[in-house]
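The structure appears right after this line, and notes come after that.
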Amino acid sequence: QVEFVESGGGLVQPGGSLRLSCAVSGSIDRSYTVGWYRQAPGKLRKLVAAITSGGSTSYDDSVKGRFTISRDNAGYPVYLQMNSLKPEDTAVYYCNRMVGLDHDAWGPGTQVTVSS
């Protein structure tokens, strides 16, 4: 069974930066696209960045120009560099792979809080 382990979250002031890391535990096929998602209280989980096995990236408009997704040459860890953070970025951040229209089980996520 695949487990995703997110880390790197914390409390940061507006304009600050954080780098999130997504590691995996267990055997996993490393050829799939991996995404970073976030979910704020009372809101739906939303994909904010994705990266393919070949390194192609895509971003939600809300984070373009501020966030950068990358991955190790072996596929994992997958990183999310977050710059110029805003209060509206506050959420629990998750990583997961896209297996067709499905995902693996969700991990615990890592809390990012942007507040002055």
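The values are calculated or read from the model by the stated rules, or taken from the named source; none is laboratory data. Treat the numbers as computed from the prediction; the structure is a model and nothing was measured. Positions of Cβ are backbone-derived with ideal geometry, glycine not excepted, and every protein chain shown enters the neighbour counts. Note: accessible area is taken over every heavy atom of the protein model, side chains too, but ligands, DNA and RNA are not part of it. Shrake-Rupley method; radii C 1.70, N 1.55, O 1.52, S 1.80 Å.
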So which pairs qualify, if the first residue must be in segment 92-107 and within 17 Å of residue 19 (Cα to Cα), the second must be small (Gly, Ala, Ser) and surrounded by fewer than 18 Cβ atoms within 10 Å (Cβ to Cβ), the Cβ gap must be under 6 Å, and the two must be at least 6 apart or on different chains?
none
Lone qualifier among 38, 30 - being open to solvent by 20 Å² or more (accessible area, probe 1.4 Å) and assigned to a strand (DSSP E or B)
38
Out of (1) at pLDDT 95 or above; (2) surrounded by 14 or more Cβ atoms within 10 Å (Cβ to Cβ); (3) not in a strand (DSSP E or B), what's the single condition that is false for residue 107?
(1)
Could you please tell me which pairs satisfy a Cβ distance under 7 Å, a separation of 6+ or placement on different chains, a first residue in segment 44-71 that is modelled with pLDDT under 95, and a second residue that is open to solvent by 40 Å² or more (accessible area, probe 1.4 Å) and part of a loop (DSSP other than H, G, I, E, B)?
53/30; 53/31; 53/32
Does segment 80-116 hold any residues that are within 13 Å of the chain's Cα centre (by Cα) and under 13 Å from residue 33 (Cα atoms), and which are they?
95, 96, 97, 98
Sort out which residues of segment 47-93 are over 19 Å from residue 15 (Cβ atoms) and out of contact with any strand residue (DSSP E or B) (no Cβ under 6 Å at 6 or more places or on another chain), and write them in order of number.
53, 54, 55, 56, 61, 72, 73, 74, 75
Any idea how many residues of segment 75-104 are more than 21 Å from residue 59 (Cβ to Cβ), open to solvent by 60 Å² or more (accessible area, probe 1.4 Å) and in a loop (DSSP other than H, G, I, E, B)?
1
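Conditions tested, residue by residue: (1) touching an Asp or Glu at 6+ places or on another chain (Cβ under 6 Å); (2) under 16 Å from residue 4 (Cβ atoms).
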residue: 34; (1), (2): no, yes
residue: 37; (1), (2): no, yes
residue: 54; (1), (2): no, no
residue: 89; (1), (2): no, no
residue: 109; (1), (2): yes, yes
Those residues that are hydrophobic (A, V, I, L, M, F, W, C), within 17 Å of residue 88 (Cα to Cα) and surrounded by 14 or more Cβ atoms within 10 Å (Cβ to Cβ), I need them from segment 41-74; list them, please.
47, 48, 49, 63, 67
